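Here's the structure, in structure tokens; my notes come after.
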Amino acid sequence: MSEQGAQKHSFQAEVAQLLHLVTHSLYSNPEIFLRELISNASDACDKLRFEGINHPEYYENDPDLHVRVSLDKDNKTITISDNGIGLTQQEAIDNLGTIAKSGTKDFMSKLSGDQKADAQLIGQFGVGFYSGFIVAEKITVESRHAAADVADGVRWISSGTGDFEVEQINKASRGTDIILHLRDNALEYLESYKVKQIINKYSDHISLPIEMQKEIWQQEEAAEGEEAKPGQMVKTDEWEAINSASALWTRNKNEITDEQYTEFYKNVSHDFDAPLAWTHNRVEGSTEYTQLLYIPSKAASNLFTREAKAGIKLYVKRVFIMDEADNLIPNYLRFVQGVVDSADLPLNVSRELLQESRDVKTIREGNARRVLTMLDALAKSEDEKDQEKFKTFYAEFGSVIKEGLGEDFGNRERILKLLRFSTSTNDEVSTSLADYKARMKDGQKAIYYVTAESLSAAKNSPQLELFKKKGIEVLLMADRVDEWAMEFIHEFDGTPMQNVSKGAVDLGDLQDAEEKKALEAAAEQFKPVVDKLSDSLKAKTQQVRVTTRLVDSPACLVTGEGELSPQLIRMLKQAGQAVPESKPILEINPEHPLVKKLEGSNQFDDLANVIFDQAVIAEGGLPDDPAAYVKRINSLLLK
Ligand code: ADP
Ligand code: MG
């Protein structure tokens, strides 16, 4: 930068657009500017602490990090100062004039018009600085980077329209002053009680002191016989902390109110809603750490996309290290938000290092166990509120935790206990595996379930006909993840789990000897038809056999034990994966008139193919050649 004084720069187009938006649509919740600027000041101190590990000289003679808020009624300014890392001139130009991340566009696309929710968003997309313009007609930033000389400070000035000016200044103290020249409709922020209130509301948990000048009450003594003079608050030279200034998670549980936990959650997660539940523990032992983990009350919209990010922030001995520390929580709990503070990891830990660390593995396991235990307690609680919370949790995250059945063998039992299903006799998603077991019929030896593409397809699946007739309850599973996840589960609490669309049905003692005999007889009698069918459908099925599982339908498809179901195959194909070709088994109902018609039919081939295609349709698929199917049906109808 030259010595010629101020240089004009234009804002990046997106910034100009954003600024317009900020000042025109967030004005109903203006106080958030303070939260954002204090959060930036706190980040700047975190950065100094982090860089100071390798550069102790950065601290100069000013080692106690703090944020100071000062009010100047005469000049109508509010100034937020920090002695953090500071900005170089180039950084001021880059960071306050452009938006590096794709932040703006994302931010603008998420705006809902609900000002409260929108104001919450602003911090999330790396555009918090600009919220200063909600209350300020002009912002002056004066800063000096910890590594820069006193003469190499920078002043940045803008009135938040098209451009900003930058010039070199002398700045004795390290760090940044953000000076807001308040608009006339924002003068209430010159009142210290008001500012203190806002700091308490939003920034109490910030781990460094946020200070304001101490005020004392001054009242002149009235002379004899005179009326008492009005007193006033007068600022002193002393600074006092307004917030508690200790990182929330380092405090004692019973000193923290629910409101404080909630506000902290909103801050770390950028979620506007209160959390459903949280767990806060200091873990001691070979690996020492503190965990403060929250369950949100709503799933993020990207939970099932590749963009989903872990919500855990990592601190090492209270120094902020990184966001989105995905090594600290298993993937199936990626919706959990919060903080982990480790006493054992090195401060310069990198993501690569995290991957290999044994301590990290211990922490991850500890986090998973805690979250699952907390959920279990909610599920078991007699308290109606807790039960309501568990329901909400399950509706939002039930299908995510199922991924854990395949991912986290150690916690399988814990996860299984949390699962809830609707069943062939109960639509509500409320039946646990234990509930199901308790309702099993005498002589029933397995937990039966059916997987399908939708709940109604599961409920009306031909494979359930016999179960319905015999009054045996079947669990219905229609989440995309179900079939994959259930592959890993062979039993629950000593009782085998059986997918009724896989393999032959074995109802064990629920089927009496007579029924079994009848089946054998039917199989014998139908052998010629079955053989002919096998021949006719050779290209489409691996086997044709007689079954007793059907009551109303002529036929159904079954998957061989240990093979992929047609539905899973469809799913994998849609996802663009190569799938080994495997043909289903066709089971026919010897009691069905259509099947009986096969014997001696002179349209055997058409009928056989129609029966097969209908079985495909019944379980949610499409015939391989729909036109041929229609043609066959029509030809049969005309007869
Ligand atoms: P974010 O905080 O998400 O990065 P902001 O719009 O709040 O987005 O801030 C933009 C950038 O401006 C910050 O990333 C930082 O580089 C810089 N900045 C803002 N305030 C300060 C400050 N007090 N000290 C140092 N840098 C700051
Ligand atoms: Mg910020």
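Numbers for the structure displayed
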quantity	calculated
The chain, helix-only ellipticity at 222 nm - DSSP H runs n ≥ 4, -39,500 (n - 2.57), divided by all residues, nearest 500	-11000 deg cm²/dmol
Of all accessible heavy-atom area on the chain, the percent that carbon and sulfur account for (1.4 Å)	47
Cβ-Cβ FRET estimate between Gln17 and Ala628, R0 fixed at 60 Å, reported to 0.05	0.60
Cα-based shape type of the range 510-638, given that a ≥ b ≥ c are square roots of the gyration tensor eigenvalues and the cut on a/c is 1.5	oblate
1.4 Å probe accessible area per residue over the range 510-638, in Å²	55
For Tyr629, solvent-accessible area (1.4 Å; no DNA, RNA or ligand), Å²	40
Pairs of Lys in the range 248-389 closer than 14 Å at Cα, counting only those 8 or more apart or on different chains	4
Rounded to whole Hz, the Karplus (6.51, -1.76, 1.60) HN-Hα couplings of the range 481-496, x for glycine and proline	7, 4, 5, 4, 5, 6, 4, 8, 10, 10, 7, 10, 6, x, 9, x
Accessible area in the full protein assembly, largest first, 1.4 Å probe, for Leu353, Leu18	Leu353, Leu18
The range 250-324, relative contact order [Cα under 8 Å, separation at least 6], %	18
Crossing angle, helix 513-536 versus the chain [Cα axis fit, 0-90 degrees, rounded to tens]	90
Magnitude of the charge dipole, the range 510-638, Cβ model with Lys/Arg +1 and Asp/Glu -1, debye to 20	320
Glu324, Glu587, ranked by accessible area, largest first (probe 1.4 Å)	Glu324, Glu587
Difference of contour (0.36 nm per residue) and Cα-Cα distance, Asp427 to Glu307	39.9 nm
Rg and Dmax [Cα atoms of the chain; Å; Rg one decimal, Dmax integer]	34.0, 127
Glu473 accessible area, 1.4 Å probe, all protein chains in place, Å² to nearest 10	20
Distance from the range 138-188 to the range 211-233 (C-alpha centre basis), Å	35
Accessible area, probe 1.4 Å, largest first, for residues Lys470, Lys517	Lys517, Lys470
Rounded to 10°, Cα long-axis angle of helix 13-25 versus longest principal axis of the chain	90
Computed FRET value (nearest 0.05) for Ala575 with Ser297, which takes r as the C-beta separation and R₀ as 22 Å	0.15
Computed accessible area, Arg439, all protein chains, 1.4 angstrom probe, square angstrom	120
Cut-off under 5 Å, modelled amide H: who pairs with Met497 long-range	Ile447, Glu491, Phe492
Using θ = phi - 60° and Karplus 6.51 cos²θ - 1.76 cosθ + 1.60, couplings along the range 375-392 (whole Hz; Gly, Pro as x)	5, 4, 5, 4, 5, 8, 4, 7, 5, 4, 4, 4, 5, 4, 4, 5, 4, 4
Length released on extending from Ser454 to Asp72, taking residue separation times 0.36 nm less the Cα-Cα span	131.1 nm
Per-bin percent of Cα-Cα distances, the range 452-569 [10 Å]	11, 40, 36, 13, 0
Whole-Hz couplings from phi, Karplus 6.51/-1.76/1.60, listed for the range 209-219; x for Gly and Pro	x, 9, 10, 10, 5, 5, 10, 10, 7, 10, 9
With Cα atoms, 0 to 90° folded angle of helix 192-203 axis to the chain main axis	30
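The values are calculated or read from the model by the stated rules, or taken from the named source; none is laboratory data. Since the structure is predicted, the reported quantities are computational estimates derived from the model, not experimental observations. Because the Cβ atoms are built from the backbone with ideal geometry, glycine has one as well, and the counts that use them run over all protein chains shown. Heads up: the accessible areas ignore ligands, DNA and RNA and are worked out on the full protein's heavy atoms, side chains in. Shrake-Rupley method; radii C 1.70, N 1.55, O 1.52, S 1.80 Å.
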